[in-house]
Every structure is written in C-alpha cells, then in structure tokens.
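Bear in mind that the values in this text are calculations on the coordinates, not laboratory data. Nothing here was measured: the structure is a model prediction, and the numbers come from that model. Note that each Cβ is placed from the backbone with ideal geometry, even for glycine, and that neighbours are counted across all protein chains shown.
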Amino acid sequence: MTIGLLVLLSTVLAGLVLWFFLVGERGKFLPSTGDFLRQSGFGLRALHGYVYGRWSRQYVGALFSLTPSGPPSKGERWLADHYHGKVLTHDHARAIVQIDKSIPLQDLEQIVPFPVARNIILQAPADIVAFECVCRQNRPSHCQPTQVCMVIGRPITDFVLEHQPAAARRLTQAEALELLQQEHERGHVHSAWFKDAMLNRFYAICNCCKCCCGGIASMVNRGVRMMAGSGYVAEINPELCAGCGDCVDACPFLALSRNGEGTQRDWDRCMGCGVCQVKCSTGAISLLRDQRKGIPLDVRALA
C-alpha cells in the first residue's frame, strides 16, 4: 500500500470519526465546530484539534500520566515542536490584549524557533475568553484561582464557550488586563502558546505557575524544550541586592541562586519572564534586552 493511499484512507477515517463525534444525534454541528472545521479542514489535524479543544483537561491529564522519567524521548521532542510556548514579558502580554489593528503574520522563525505553528492571526479588537487552567486542574493540590488562561481569537474562543461553557467566560479588554495584572503580581509567567492542531497558530496566553505548569516542569526537570525565551534576561544590581533569596525561591526556571550575600543568575536557564523582578523588594533586578535570547513577541513592533 502506497503512502499516498494510506494518507487518503486516514483522512477518510478521520472524517468519519469527526462526523460521528461532532454531529451524532443532534444532526448538525455547533456553529463554532463548523467554523473550526472550515478553517482547519477535515482530516487528522482537525480531529486532533477537536479532541484537544473539546476535552482539554483530559488531553493534558493524559500527557501528564504518560510522562516518563529520564531524558526526553523523540516523541516528547516531537510533541514540543508541535505544542509549544513563548515567554512574554508583562508589557508584551498586555500589548496582545490591547491590540488595535489586525495582525496576520506567518513563519516567525526568529520569534518562535520551532518548526511548526508559528503564525499569529489577531483580529482587532482581540476576542478573549478566560478558561480553566488544565495544568492546575490536573494537580491534586494546585494554585488558586484556576480560571486564568486566556484563549484568543475566533473561532477558537467560540468553540471553547460552546463546548465547555462551565469552564469559560468571555472577557472585556479591561477584565483581561486585570487578570494579567493579578497573575503578574502572584509571580506567574505569561506565555503565548502555539499548536498546529489549533489552526496552526497562536491561540492562547497562559499564566503559568512553577508548581502546576506541565510545560515548565518538562523544561526544568527533564530538559524538554517547550518554551522559547522572551528575548530578555534578568540583570541583578549587586549594590541593591539584599540577598534575601525571595527571587531565588520565585524563579520558575531555577535560573537564580544565592552567592554569598547576594544573588547570581544562570544565563542559560534565564527565560526573561520577569517573575524575579516582581518579587524583588529592593528594586535590584531589571530585564535587559539580549539578542542572543531571540526576538521578543511584541505585537506593537510586529504590526
């Protein structure tokens, strides 16, 4: 059997499965499902996107349960290339929420250095839905609150609201900015997420805590490359550093450590998230642009 025939048969099978799950006894698609399928096409990717969007908690929970110990496998590296994030500074996360002009950009390999799902398609004003963090929900003991992830742009926002109404709510721009500010003050990492099955583009801003986030845990504990840095690094002023260790405890990526009476930064580990800056009571830490860390995802500059 040729590869072409296998692909054809797989596509037909995926279409039949989609029809069974999506139409079923209701006899018609939900409006958002139809929009999603028209944009993604009928096939394995569409089926994957439907399963991920419809059963997000179970999907991520299954990934957690299948995570082995030891170095990352080829399968995990493949998954990271197809489902990955970009760390955002607080200012850049706010800029996405406040977008005032449509931005259709593709092939942003310098900003998101992964082989797939590097498109940004934002319509102004941004359509934003708050969604339950599936990472937190899958932990026996987790951070509060849990409705802190933000899905961006139709038809994905409509899909989430129609298929998981108890877990989602539409946000005004002011509400989205307030949510970002609250998570920023809690010391959580803003990150933009991309997935090929979700229309092969940027689709969400997550607010990640180091104790619950599966992406952070995979990077820190096992070296799975799930996120690209913000394009910045933390810089510590030794004259202002009190050596209290608050930033060391808060850093999600284990990039800081105590050094005598002060603090030192591990350049390789630092993702430029700014959490340490938030937690520093003496103002000793600032974020500096570092070209070696890539290009920031700043929609104002991209537009």
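The condition (being of a type in the set (K, R) and in contact with a Ser or Thr (Cβ under 7 Å, 6 or more places away or on another chain)) is satisfied by just one residue among R94, R136: R136. Taking the conditions exactly as written (buried (at least 19 other Cβ atoms within 10 Å of the Cβ) and not in a strand (DSSP E or B)), does C206 satisfy them or not? Taking the combined requirement at face value, the residue does not satisfy it. Residue count for segment 178-216, restricted to those that are touching a Phe, Trp or Tyr at 6+ places or on another chain (Cβ under 9 Å) and over 24 Å from Y50 (Cα atoms): 3. Could you grab me the full set of residues in segment 92-114 that are without any contact (Cβ under 8 Å) to a residue 60 or more places away in the chain and not in a loop (DSSP other than H, G, I, E, B)? The one that is without any contact (Cβ under 8 Å) to a residue 60 or more places away in the chain and not in a loop (DSSP other than H, G, I, E, B): P104.
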